[in-house]
């Protein structure tokens, strides 16, 4: 791939800062639900399974809107499409202030649509604008994602208590950060060209790529593990005798410890031809943490959340980096991102909902944790395939390659 024209260092730094700020907003709308779940259930009378829909609905939207995001980006340009994403996120979090319980679910869906667009298009911006800094930029992106999740998990309940807020206001408060980001992003959106590309030749072919399916399954299964834990970890710990504030702190530590992995994993992955060792690290971390929650939830909570955080930080940062590493162009990276997140988040949506339903059916958290342990088998197998040294443009049997056109030139 050729180099993009050099730009002033100030422009590079500002764009990197904008991507980081943008990424910080992409998880609080989901993660803030978990620490507030007991108050929310007590006020609304929702069951565990129904409450889990507040996390599940955005994940379903991630999947449903992920295929539409590349089309929106091609039609109006990446920067304008990302502004639309922020405005949807602001609208969705604001809608949660409305008293009817239905507004909670509607707001979660609208916010999920906005996050879905950003999830898909931001890796394409990195591929386009930082082709020679892929590892460090994906590290920055992943760190910001985990940082936003940690912030939401750790400060939502303390803010609610300190400011005397209702749980609805505490949930909606995260829309303020998204609104500020939208205002700061507006000049970039106005200055960008109205269209970024014509119709994509990659859109259908990516669905025929075995590499793309391996990445999608890896993305989906690691997200299933994470979002099930994000939704229910505070409740698991509270049911074992931990206070609400301490349980929220444990959830925050899980996300915060993932930041350490997010700093390192994309850089290591970008420098390696194969990433199978990293997928194994994530699988082992989830295994140790989940077994710990089964055996001694509250007593060993600090150890378990640190290990789980490292596992999820490794998993999500590697999955996002694979969108770039398993493609050769920014357009192909966008299509792979859209396809993998469509499949991945539809799989992930089963995590919070399934865990809540199993808890309602059995009255304990043993069955949900055993189900998450079983899911690690598929996670490890998908990671092994996704970690191989191949791209979605690789030749397929019978000639040509899955994205159309002639076979790519042989590597030197």
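The values are calculated or read from the model by the stated rules, or taken from the named source; none is laboratory data. Because the structure is predicted, anything quoted here is derived from the model rather than measured. Note that we place each Cβ from the backbone using ideal geometry, even for glycine, and neighbour counts take in every protein chain shown.
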**Q.** Selection count, region 242-267, where residues are over 20 Å from residue 149 (Cα atoms) and touching a residue at least 60 places away in the same chain (Cβ under 8 Å)
**A.** 1
Q: State whether one or more residues within region 133-153 are surrounded by fewer than 23 Cβ atoms within 10 Å (Cβ to Cβ), out of contact with any helix residue (DSSP H, G or I) (no Cβ under 8 Å at 6 or more places or on another chain) and farther than 13 Å from residue 22 by Cα.
A: yes
**Q.** Which listed residue is surrounded by fewer than 24 Cβ atoms within 10 Å (Cβ to Cβ) and modelled with pLDDT of 85 or more, from 217, 233
**A.** 217
(Q) Of the residues 370, 308, only one is farther than 22 Å from residue 141 by Cα and either at pLDDT 90 or above or surrounded by fewer than 24 Cβ atoms within 10 Å (Cβ to Cβ) (or both); which? (A) 370
Q | Hits in region 326-341 - residues which are crowded, with 24+ Cβ neighbours inside 10 Å and in a helix (DSSP H, G or I) | A | 332, 333, 334, 335, 336, 337, 338, 339, 340, 341
(Q) Here's a check for you: in region 71-99, which residue that is farther than 20 Å from residue 23 by Cβ and in contact with a helix residue (DSSP H, G or I) (Cβ under 6 Å, 6 or more places away or on another chain) is surrounded by the fewest Cβ atoms within 10 Å (Cβ to Cβ)? (A) 97
Q: Report yes if some residue within region 264-285 is modelled with pLDDT of 90 or more, more than 23 Å from residue 324 (Cα to Cα) and assigned to a helix (DSSP H, G or I); otherwise report no.
A: yes
Q) In this structure, is residue 102 modelled with pLDDT of 85 or more, assigned to a helix (DSSP H, G or I), over 21 Å from residue 145 (Cβ atoms) and out of contact with any helix residue (DSSP H, G or I) (no Cβ under 8 Å at 6 or more places or on another chain)? A) yes
Q: Report the residue count in region 351-367 for those that are touching a helix residue (DSSP H, G or I) at 6+ places or on another chain (Cβ under 6 Å), buried (at least 18 other Cβ atoms within 10 Å of the Cβ) and in a helix (DSSP H, G or I).
A: 8
Q. Taking the condition more than 22 Å from residue 144 (Cα to Cα), part of a helix (DSSP H, G or I) and in contact with a helix residue (DSSP H, G or I) (Cβ under 6 Å, 6 or more places away or on another chain), does residue 49 pass?
A. yes
Q: Run down 311, 303 and say which single residue is under 17 Å from residue 257 (Cα atoms), assigned to a helix (DSSP H, G or I), touching a helix residue (DSSP H, G or I) at 6+ places or on another chain (Cβ under 7 Å) and free of Cβ contacts under 8 Å to residues at least 24 places away in the same chain.
A: 303
